[in-house]
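> Once you've had a glance at the structure underneath, I'll fire off some questions.
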Amino acid sequence: MIQVGINGYGTIGKRVADAVAKQPDMEVLGVAKTRPNFEASGAIEKGFDLYAAIEERKPRFEEAGIDIAGDVEELVEASDIIVDACPSGIGADNAEMYQEYETPALLQGGEDADVVDSSFNARANYDTVEGDDLVRVVSCNTTGLSRLIAPLREEYGVEKVRATLVRRGGDPAQTDRGPINDILPNPVTLPSHHGPDVNTIFPDLAIDTLGLKVPATLMHMHSINVTLESEADAEEVRDLLDQQDRTFVIPEWLGLDGAGAIKELAQDAGRPRADIWENCIWGESITVEDNDLYLFQAIHQESDVVPENIDAIRAVLGTESQEASIETTNEAMGLDGSLAPTRQAE
Ligand code: NAD
């Protein structure tokens, strides 16, 4: 069993911990937190050992009656691999500690690409990270774009990607984020930083991205135009995307007219935390004009990177092939087409 330590137990960390616990070849050795709160007590209730991320704050856990198993350094030393899901920038600060204990670590998309040895997306570059010390699982938006671009490149070739990313202002629990009543070009300068981030996965891809922020917490929405290198038919593209493991092509009859309805579907389907691990691509939006492909996709920012973290663990440690890992991850998590009832019935 691969012993996984998770440093930073917030939005991403707690989801990764749950996903690790479901895998047949991994165990959660422990999770590290900076302060006692509902997530700390939730970790204890799930049976995860809790480690103090900041030594001086240990008394706070004791005062709250929460048992601490040790300091984060002990967790790092004992783990086969660390998933660092601390807020942006802190993962980079922690990198020295991981290197000191010679424990490979996965950082998240909020970290700069130049802090790590490599950037990772399971569909696009699984085989390139084995043996690396520090690997970055790319952001929610870059993950969503990479999953879409990889099969299109293989099947048709891609001349240029142009993507407009309408981003949620914050996650539901982020009370300090916004806007609450505005529509922001963000960043206002073009192109946005997202394109170069996609280039950490596909270095030679021509891509321009534009970003906006809107008063929503549910999901991001991507408006996509891909100029393909060869002729394509909308129906064929739809089939290609439908066949991928982590893209859900929304059939028209489901009546999902936006991110709110997708979240409702995820709740009805019994998904944990109403998570949607797949790209959600509106089938009717898939259109081809000459060599230009257009579509809309929604990305659940809080969860699409979770299966990617699980695959990155196996990819870095070299324990499974790409295909076997993706299959195991999906099966263990329940990422099985259950959002697409037609596919189940087939
Ligand atoms: P979060 O704020 O929800 O969780 C971070 C957790 O780390 C919190 O519990 C915080 O208390 C804890 N923490 C702070 N300092 C720490 C330290 N020194 N040691 C250990 N723990 C510490 O953040 P998040 O949304 O889970 O984001 C984590 C990373 O994942 C960031 O790089 C972010 O960019 C990336 N990411 C976030 C999203 C998203 O939409 N939430 C999506 C993809 C990637």
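The rows are residues; the columns are (1) open to solvent by less than 30 Å² (accessible area, probe 1.4 Å); (2) within 11 Å of the ligand (Cβ to nearest atom); (3) under 22 Å from the mean Cα position of the chain (by Cα).
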position	(1), (2), (3)
Met1	no, no, no
Met26	yes, no, yes
Leu29	no, no, yes
Pro36	no, yes, no
Asp67	no, no, no
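> How about segment 137-152: which of its residues are free of Cβ contacts under 8 Å to residues at least 60 places away in the same chain and either surrounded by fewer than 18 Cβ atoms within 10 Å (Cβ to Cβ) or within 16 Å of the ligand (Cβ to nearest atom) (or both)?
Filtering segment 137-152 down to residues free of Cβ contacts under 8 Å to residues at least 60 places away in the same chain leaves 142, 146, 150.
The answer is Thr142, Ser146.
> Just one of Glu100, Glu73, Glu55 is away from the ligand (no atom under 14 Å from the Cβ) and more than 28 Å from Thr164 (Cβ to Cβ); which is it?
Residue meeting the stated conditions: Glu100.
> I've got another one for you. Sort out which residues of segment 311-320 are of a type in the set (D, E, K, R) and assigned to a loop (DSSP other than H, G, I, E, B), and write them in order of number.
We begin by selecting, within segment 311-320, every residue of a type in the set (D, E, K, R); these are 311, 314, 320.
Within segment 311-320, Glu320 is the sole residue that qualifies.
> Which of the following residues is among the polar types (S, T, N, Q) and within 12 Å of Ile6 (Cα to Cα): Ser41, Ser79?
Details: Ser41 fails: within 12 Å of Ile6 (Cα to Cα).
Being among the polar types (S, T, N, Q) and within 12 Å of Ile6 (Cα to Cα) holds for just one of Ser41, Ser79, which is Ser79.
> Also, I was wondering about something else. Considering only segment 187-289, give the strands (runs of 3 or more DSSP E) lying wholly within it that have at least 1 residues that are within 17 Å of the chain's Cα centre (by Cα) and over 25 Å from Asp114 (Cβ atoms). Lay out the reasoning, then the answer.
Details: elements: 207-214, 220-228, 247-250, 279-282, 287-289.
Qualifying strands (runs of 3 or more DSSP E): 220-228, 247-250, 279-282.
> Pairs under 6 Å by beta carbon, first residue under 14 Å from Thr200 (Cα atoms) and small (Gly, Ala, Ser) in segment 105-133, partner assigned to a loop (DSSP other than H, G, I, E, B) and away from the ligand (no atom under 16 Å from the Cβ), six or more apart or different chains?
Ser118/Val129; Ser118/Asp132
> Quick one: would you say Glu111 is among the acidic types (Asp, Glu) and away from the ligand (no atom under 12 Å from the Cβ)? Show your work before the answer.
Numbers: among the acidic types (Asp, Glu): yes; away from the ligand (no atom under 12 Å from the Cβ): no.
For Glu111, the condition - among the acidic types (Asp, Glu) and away from the ligand (no atom under 12 Å from the Cβ) - is not met.
> May I ask you to say which residue of Val76, Val115, Val72, Val20 is closer than 21 Å to Asp304 by Cα and either out of contact with any His (no Cβ under 7 Å at 6 or more places or on another chain) or surrounded by 22 or more Cβ atoms within 10 Å (Cβ to Cβ) (or both)?
Working: Val76 fails: closer than 21 Å to Asp304 by Cα; Val115 fails: closer than 21 Å to Asp304 by Cα; Val72 fails: closer than 21 Å to Asp304 by Cα.
Going through Val76, Val115, Val72, Val20 in turn, the sole match is Val20.
> Still on this structure, I have one more. Looking at (1) away from the ligand (no atom under 16 Å from the Cβ); (2) under 24 Å from Ser119 (Cα atoms); (3) of a type in the set (Asp, Glu); (4) not in a helix (DSSP H, G or I), which is the only condition Glu323 fails?
Tallying (1) away from the ligand (no atom under 16 Å from the Cβ); (2) under 24 Å from Ser119 (Cα atoms); (3) of a type in the set (Asp, Glu); (4) not in a helix (DSSP H, G or I), Glu323 fails exactly one: (4).
The values are calculated or read from the model by the stated rules, or taken from the named source; none is laboratory data. All of these numbers come straight from a predicted model, not from anything done at the bench. Glycine gets a Cβ as well: all are built from the backbone with ideal geometry, and neighbour counts include every protein chain shown. Ligands, DNA and RNA are excluded from the accessible area calculation, which covers all protein heavy atoms including side chains. Shrake-Rupley method; radii C 1.70, N 1.55, O 1.52, S 1.80 Å.
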